[in-house]
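First the structure, in the form of structure tokens, and then the observations on it.
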Amino acid sequence: MKLTFFGAAKAVTGSCHCVEVNGKRILIDCGLQQGRDERDNRVLDFAPGYIDYVIVTHAHIDHTGRIPLLVKQGFHGRIVTTRLTGQLMSIMLRDSAHIQESDAQWQNQKGRRAGRAPVEPLYTIADAEHAMELVETYEYGELVDLCEGVRLRFTDAGHLLGSACAELWLTEDGVTRKIVFSGDLGNVDQPIIRDPQTIDEADYVVMESTYGDRLHEPPESYTEALAQIIDETFEQGGNVIIPSFAVGRTQELLYFMREMKEEGMVKSHSDFRVCVDSPLANEATRIYSGNLHGYLDEEAIEALKGGALFQFPGLTLTETSEESKALNLDTSSKVILSASGMCDAGRIRHHLKHNLWRKECTIVFVGYQAEGSLGRALLEGAKSVKLFGEEIAVNARIVNFKGLSSHADRDHLLAWAKHYAPKPRHIFVVHGEASVTEIFAQKLRDAGLAAHAAEYEEVYDLAADRMLSAGVPLPPKPVSATGSPAYRKLEAAGQDLMEAIRHNKGGTNKDLAQFEKELMALIRKWDR
């Protein structure tokens, strides 16, 4: 009865954990590594054909994005999740596959001119569709006998429509242990979805820590704050660009925009336009307007009865690339919501290219920005960024809407963990930046709970309650030079240095020794 960590160990993305019991191997999530966490998404740390089940906590790509790759490389077992996660996965994995195919096509167009070998997409739309054929869905609270000695139940995690904590009862050789995988735990008092549900008991908990080192800002009227930003930007003749995750965050923002319209909160432009430029977001919005009983809070269900949850005058849903391009040819002020939320892919990059350099525009971030992502670079004050091979000055106003988060903060995470009675034997802290996982694990220990930050490839014996392998720290990915012309010049100088070294290959020992001495002196001066 073993637990192994293959992803999101001292990292925010790429969630992937494995339970072995009675000869069966069960993955809990299989997500894409993104931003600073990304190594090589093509490399899986296990043989896909030997995996029997995948349990999916929710549809976000950092929890599901490598499932089509898993299928492509030989997985043919069952994929188990909640009903609405299954529906959202269908559109998100097809969209991810489309991005993989488009990126490969773009690289190959450039590569042919440079004489490079062609690259294959990580996976294709056909792989994503094949993966969806393996999906089985269940409702919250339903007990599922997954296989011999394994029982499963999903509990509402309050993070995204359909998101769940996975409760697993494992029995092997007469020993039973209960382990809970938190998935991503949601913030409280969010519109549309319910607060996370607590769980009474568990022997072990694998717990996220995205905001484990900080508190969210005190609750405020998001509609009033957003309305003020829109007012101020429109008065200057600019656009409000919101990089937004297509599933969950976009629908939440549309909910706010509807309230603004109804209450006339944007004073200068009460008839302001809102453009959702994401086919994926549009498909997700239609799912959010379907059969949601058992998933939404009561206020949202009441609003849905009138068909008004995401409908209001001035709303435009764009589908085609031509419609998307037309938004930037139109000089009138508007709000544009577009994916991806961290600005690393999708149509949002085109909108940033056309609006970042304009001082009258505002870029509003409404979600977490991982280290190494373009979104994080903008929040950290990049003066320019490179988009589609072009250097773009950052003159627009950059706003970080810190209060708007779909993740629980430190105190809510602690409250969720402390609810267990009796205390779990151990809590494994995952899904956070390396320093944050350590900080939150210490907070749990300070609260009297046994906990530590799990390492990559760590293996734990759940029956004996002991570590079998301590795992290995992942080497840090080199920090991106995005937005720093000076750093890129330094990198170019480094390449020139390597060329100079190669040119001196046939030099005398005396000259080479002098070169090495001067170079080491330079390294010692700057490597501090």
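The values are calculated or read from the model by the stated rules, or taken from the named source; none is laboratory data. Nothing here was measured: the structure is a model prediction, and the numbers come from that model. Cβ placement follows ideal geometry from the backbone for every residue including glycine, while neighbour counts extend to all protein chains displayed. Only protein heavy atoms, including side chains, enter the accessible area calculation; ligands, DNA and RNA are left aside. Shrake-Rupley method; radii C 1.70, N 1.55, O 1.52, S 1.80 Å.
Descriptive notes on the structure:
- In the context of the full set of protein chains, residues of the chain present 44 Å² of accessible surface per residue (probe radius 1.4 Å, heavy atoms only).
- Heavy-atom accessible surface of the range 328-475: percent carbon and sulfur, 1.4 Å: 52 percent
- The range 35-113: relative contact order in percent, alpha carbon pairs under 8 Å with at least 6 residues between: 31 percent
- With all protein chains in place and a 1.4 Å probe, the accessible surface of the range 178-274 carries 42 percent carbon and sulfur.
- Dipole check for the range 63-172: with +1 at the C-beta of Lys and Arg, -1 at the C-beta of Asp and Glu, and the Cα centre as origin, the magnitude is about 740 Debye.
- Debye, to nearest 20: dipole size of the chain, +1 on Lys, Arg Cβ, -1 on Asp, Glu Cβ: 1960 debye
- With distances taken between every two different alpha-carbon atoms, the chain has a Kirkwood hydrodynamic radius of 24.7 Å.
- Accessible surface of Glu133 - all protein chains present, 1.4 Å probe, nearest 10 Å²: 140 Å²
- Dipole magnitude of the range 202-245, debye to nearest 20 (Cβ charges: Lys/Arg +1, Asp/Glu -1, about Cα centre): 120 debye
- Normalised by the number of residues in the range 90-180, the average gap of Cα pairs under 8 Å and 6 or more apart makes the relative contact order 18 percent.
- Space enclosed by the convex hull of the alpha-carbon atoms of the range 95-174, per residue, Å³: 154 Å³
- Restricting the range 86-146 to trypsin sites (Lys or Arg not before Pro) in coil, as DSSP defines it, with at most 15 other Cβ within 10 Å: Arg116
- Environment charge at Thr223 (Cβ cut-off 9 Å; Lys +1, Arg +1, Asp -1, Glu -1): -3
- When the Cα positions of Met89, Ala59, Ala393 are compared along the charge dipole of the chain, Ala393 comes out farthest toward the positive end, with charges on each C-beta of Lys, Arg, Asp and Glu.
- Positive dipole terminus of the chain, leading residue within His17, Pro118, His412 (C-beta point charges): Pro118
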